[in-house]
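Enquirer: Got a structure here, written out as structure tokens. Questions coming.
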Amino acid sequence: MISKAASNTVALVSWATVAVLVFDGFLSGILSVFFLPTYLGSVQFPISALLGGIANVALVLAARKVAERPIWVASPLVGWFFAVVLCMFGGPGNDVLLLADWRTMLLIVAGAGPAGVLLFMFRMKAITASVHADPHSATHPRSSSESTVR
């Protein structure tokens, strides 16, 4: 049996790990935006959109190892999205890092899409597992007249 102090230590380490993963998601978003306007020769080559999507999937998988609640598993993706949205606003000299361009849409779709699909699959798996665990509770709900108070 685990003592209360050991349990608190495990919880603290889990929270710290999730906080680091959120910060990593934020940094991944900033780097994705900074390297979005790259060129391969004279051709636009926004590889950071794909790399941002891969990084977000890895961060979500890492968060799933230490967190149980879906909001904490999704928090690195929230950090990434916050960084991307922050880069859309103008700075002190009204300079904007993300313009209304196809590369910006590609960054959002390719960066958040795979991790969003992964989170959706995790949630659907949890819902179907809970339904299969107790199939009679969902098919035959008890009415208020059937419940007995003792």
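Enquirer: Being more than 18 Å from LEU119 (Cα to Cα), modelled with pLDDT of 90 or more and not small (Gly, Ala, Ser) is the requirement here; does PHE82 meet it? Explain how you work it out, then say what you get.
Expert: Working: more than 18 Å from LEU119 (Cα to Cα): no; modelled with pLDDT of 90 or more: yes; not small (Gly, Ala, Ser): yes.
In short, no.
Enquirer: Only one of these is closer than 17 Å to ALA115 by Cα and either buried (at least 21 other Cβ atoms within 10 Å of the Cβ) or not polar (S, T, N, Q) (or both): VAL43, VAL57, VAL33. Name it.
Expert: Values: VAL43 fails: closer than 17 Å to ALA115 by Cα; VAL33 fails: closer than 17 Å to ALA115 by Cα.
Criteria check complete, one pass: VAL57.
Enquirer: Residues of region 43-79 being polar (S, T, N, Q) and modelled with pLDDT under 90, which ones? Before you say what the answer is, go through the steps one by one.
Expert: Residues of region 43-79 polar (S, T, N, Q): 44, 48, 56, 75.
Matches in region 43-79: GLN44 only.
Enquirer: Need the failing condition index for LEU106 against (1) at pLDDT 90 or above; (2) over 17 Å from the mean Cα position of the chain (by Cα); (3) open to solvent by 80 Å² or more (accessible area, probe 1.4 Å), just the number.
Expert: (3)
Enquirer: Here is a follow-up. Could you please find all residues in region 60-79 being under 12 Å from the mean Cα position of the chain (by Cα), touching a residue at least 24 places away in the same chain (Cβ under 8 Å) and either closer than 16 Å to VAL117 by Cβ or open to solvent by 20 Å² or more (accessible area, probe 1.4 Å) (or both)?
Expert: VAL60, LEU61, ALA62, ALA63, ARG64, PRO70, TRP72, VAL73, ALA74, PRO76, LEU77, VAL78
Enquirer: Given the criteria assigned to a helix (DSSP H, G or I), free of Cβ contacts under 8 Å to residues at least 24 places away in the same chain and not small (Gly, Ala, Ser), does ILE108 qualify?
Expert: Working: assigned to a helix (DSSP H, G or I): yes; free of Cβ contacts under 8 Å to residues at least 24 places away in the same chain: no; not small (Gly, Ala, Ser): yes.
Against the criterion (assigned to a helix (DSSP H, G or I), free of Cβ contacts under 8 Å to residues at least 24 places away in the same chain and not small (Gly, Ala, Ser)), ILE108 does not qualify.
The values are calculated or read from the model by the stated rules, or taken from the named source; none is laboratory data. Predicted model only: the values in this text are computed from it and were never measured. Reconstructed Cβ throughout: ideal geometry from the backbone, glycine too, with neighbour counts over all protein chains shown. Accessible surface is based on the protein model in full, side chains and every heavy atom, while ligands, DNA and RNA are left aside. Shrake-Rupley method; radii C 1.70, N 1.55, O 1.52, S 1.80 Å.
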